[in-house]
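One structure is given here, and the rest of the page talks about it.
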Amino acid sequence: MVGECLPRIVNAVRGAASAPLPVELREEHSFVLDLGFDSLAMARLGLALEDQFGFPILLDSWLSSQSDPSALTIGSLRVFVASRIEGHEGAAA
Amino acid sequence: MKAQPLSTETSDGVLTITLDTPACPVNIFTHEAAVQLLGIVGGIDTRRTRAVIFRSAKPHSFVNGASLMLASAVGKPEDLTRLTAPIRQAYRALGDLPIPTIEAIRGSCYGCGVELALRCKFRVAGDSYDAHFYMTEIADYLLVPTFGSTQYLPRMLGLESATNFLLWGERWPARRALEHGLIDGCFSDGELDAAAQQVARDLARDGTSPLLRVRGAPARSDVEAFGKRTRERIDRLPPEYRGVYATCYALIERAVLKDTLDAEDLEAEVQASARSVVAPISKASVGFFFVRQLNEQVSLRGAPAPSTFHVRCDMSAEAPRYFRAELEGRRIRGLTFDDLAARPGSPDALEVRAYGSAGLESSSARSLAICDTPEPAAPDLGGGPVLYAPAWRGGAAFVEIAYPEPAADGQRAFRLLARAGIHSITTRPKNTFVTNALLRAYLTPQVAFLAAGGTRWDLAATLLDLGFTRLPGDWLVGWDLDRLALVLDRGGARGVTGLPTTLASLPSTRELEGGTVSPSLENAVLASLLAFARAALREGSVVHPCAIDVAARELIDFPLGKTSLCRYLTVTRARRLGDQASSIASLVGVHVLDSVQQYADGKRDFYR
């Protein structure tokens, strides 16, 4: 399931980016360092992911899950999205 | 090669540094900008460069902030110190330059943008609504600022102005910023760049400029008396908010009591900021930024962003006249008005009529109708989008833009209101406006609580405990309560005699006196709001939970520290509410309890 997310995540990233992106997007690409994402682009990414996966996603908990903005990679987003798909039920109370 | 955020140009000994954050509609002072600014400042030969101007290339944004991802991705206090080091170094380098430095501010100047401006020796701004000043840190994110404002502002503005601006989140347009001493000159928007150049040349030559207002000493305050009042106000905030407000005010007071500013003062601010940024309540608050952005994208869906707006108002009716006066007062760049009666009209104009007037006939399908009092009847959207703003005259900058199908005029109205600093949601209301449904959901349990013998003090204590910083008695000022009562009466408060009087008696934060928290009322309010959110989404009145979240934040002041209404109301929380059904049944209708149970059984949060 986790692996199946990646093409749709890549589509969402391409839809949300405002800066030119590399031809090939890799899991280790950092949104901040490599892809030029700022907080506005991150907000667009939330909606682009919703368009891909069909349910509302807020990315704030993913953003705060890393200890450094440079650690926000496509790979870490893939893991986050997969966790939302796979039986997530009820956020932290 | 990656585009650089800063560019430079030298003319007549004046170095102009221009910020233009690549591929972004607003300027953000990023790590890259900090590193580049350090390099530029480090390379200045002060024998040749006699003054520096810092300006923005973006017409609507000077600096809107550092990247919020920076705050989001701080896990430990020491991370903030490390992550913000380049920006603090760049600011310090700019401040240490021994030549005149001038910020030429065009567009919004928020948070760390204000703090950047404080490091220059002089600040001038363009006189348009876009050029307004606002410290977002506490007001929007419950954070202690990081880049020096708690130490610079009190020394520059005095205790009271600095506290109002920094702690209580006052927004200042350019002229007001000039009155308070935050800036030294205010020019018409078209003259700003030339004026900044002239000021720079004057300062380089004479050390002064006739274009600048002579700065007086900041107003002196009775620190002890003002501090007492401020701490009392902080004590009226919800418990989890008090720490960050008290810390921030302690830093402000420290600055006022100490004439000189040294590295130790700035370090104290950084340490306080680092502690605040990892607090759960700050993390939750930062999350609302993404909710707000989502609402804008869902509402606009790629609709074009015009640079100018022309609005024709029906000046024979009160609501359009009020609409025009409000927007004119905001001095929005590129906005022009004329009277709808004038002929011929511009084909691109937004035409604003009064809701319920002749403007709603089908022949005027392109028009907007505005309603600024509570409207209990079912929405009539036959004539085009309706701007429903019953809170408008009470001072809440919130508008529901209702239309049956996505319409270009509705989206243009959304953009126009956003540019004016007014928050909007777009809806497709069915039986009533979404705003009405939200008001009913929030106020009906409170009215029922009072009708059942609960006291205003217990009601106030309960809402405060839930995290509301403003209570209904604070924001219902200026409302037509007779019409609001008609709106509520349709929602289940029927049978409560004297409803307008009851609404007028709802408590405000000014009159809190040791009430007792009612867990039943807390649960009833949350259950009622949950049922409202589910109904609005299920019937399609709103297409996305973010619209509900923005409405709840702007209209009823749903607590920032809970991120947002739909974020907070998880399935887990609904199950707990369901467990308390018997204790809240007297305050809410059966349909509310049923809805809570269905949500709890459905296993899907509003957001995943």
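The values are calculated or read from the model by the stated rules, or taken from the named source; none is laboratory data. What you see is a predicted model, and the numbers here were worked out from it, not measured in a lab. Positions of Cβ are backbone-derived with ideal geometry, glycine not excepted, and every protein chain shown enters the neighbour counts. Just the protein is used for accessible areas: all its heavy atoms, side chains included, with ligands, DNA and RNA removed. Shrake-Rupley method; radii C 1.70, N 1.55, O 1.52, S 1.80 Å.
Quick notes on this structure:
- Whichever aspartates and glutamates have a C-alpha closer than 15 Å to that of B:Lys430, once near sequence neighbours (fewer than 8 apart) are set aside: B:Glu375, B:Asp380, B:Glu400, B:Glu405, B:Glu539
- Nitroxide proxy distance, nm - points 7 Å out along Cα→Cβ at B:Ser583 and B:Arg175: 5.4
- Amide N of region B:439-455 lying under 19 Å from the label point, which is placed 7 angstrom from the Cα of B:Val590 along Cα→Cβ: B:445
- Chains B and A together, accessible area buried on both sides, 1.4 angstrom probe, square angstrom: 3300
- Neighbours of B:Asp96 by Cβ distance under 14 Å: Lys/Arg scored +1, Asp/Glu scored -1, total +3.
- Protein accessible area in the protein assembly as shown, 1.4 Å probe - carbon and sulfur %: 51
- For region A:53-74, a reduction of at least 20 Å² in accessible area between the chain on its own and the assembled protein chains (probe 1.4 Å) is found at A:Phe55, A:Pro56, A:Leu58, A:Asp60, A:Leu63, A:Ser64, A:Ser67, A:Asp68, A:Pro69.
- Anchor B:Lys121: lysines whose Cα lies under 27 Å away (excluding residues fewer than 8 positions away in-chain): B:Lys58, B:Lys258
- DSSP loop GluC sites (Glu not before Pro) with at most 11 other Cβ within 10 Å: longest gap in chain A: A:29-85
- In Å², nearest 10: area of B:His310 left accessible to a 1.4 Å probe: 50
- On Cα atoms only, tilt of A:2-16 relative to the major axis of chain A in degrees: 50
- Charge sum, other residues only, whose C-beta stays under 11 Å from B:Phe147's C-beta, Lys/Arg counted +1 and Asp/Glu -1: 0
- For the protein assembly as shown, with +1 on Lys and Arg beta carbons and -1 on Asp and Glu, the positive-most of A:Pro7, B:Leu438, B:Pro238 along the dipole: A:Pro7
- Calculated log₁₀ intensity ratio I(q)/I(0) where the Debye formula runs over C-alpha points of chain B, q = 0.06, 0.12 Å⁻¹: -0.34, -1.29
- GNM top mover of A:Ser39, A:Ser76, A:Ser30 - chain A, alpha-carbon springs below 10 Å: A:Ser39
- Buried on assembly, region B:575-608 (at least 40 Å² less accessible surface than by itself, 1.4 Å probe): B:Lys603, B:Asp605, B:Arg608
- Using alpha carbons only: equivalent-ellipsoid semi-axes of the protein assembly as shown, gyration tensor based, whole Å: 41, 29, 28
- Measure of compaction for region B:314-472 (Cα Rg per 2.2 N^0.38 Å): 1.19
- Taking region B:301-454 and dividing mean pair separation by its residue count, relative contact order in percent (alpha carbons under 8 Å, at least six apart): 17
- For region A:28-67, the solvent-accessible area works out to 29 Å² per residue, with a probe of 1.4 Å and every protein chain left in place.
- Mean accessible surface per residue for region B:477-608, computed with a 1.4 Å probe while every protein chain stays in place, in Å²: 40
- Axial C-alpha extent at least 30 Å, average Kyte-Doolittle at least -0.5 - helices from chain B (DSSP): B:280-300
- Over 31 Å apart at the Cα level, from the set B:Lys562/B:Lys603; B:Lys76/B:Lys228; B:Lys76/B:Lys562, are B:Lys76/B:Lys228.
- Of every Cα-Cα pair in region A:28-67, the percent that sits beyond 16 Å: 39
- Charged-residue dipole, Cβ positions (Lys, Arg, Asp, Glu), chain B about Cα centre, Debye nearest 20: 740
- Local electrostatic count at B:Ile105 - Lys and Arg +1, Asp and Glu -1, tallied over other residues with Cβ under 9 Å: +2
- Loop sites in region A:1-90: trypsin sites (Lys or Arg not before Pro), DSSP, at most 14 other Cβ within 10 Å: A:Arg26
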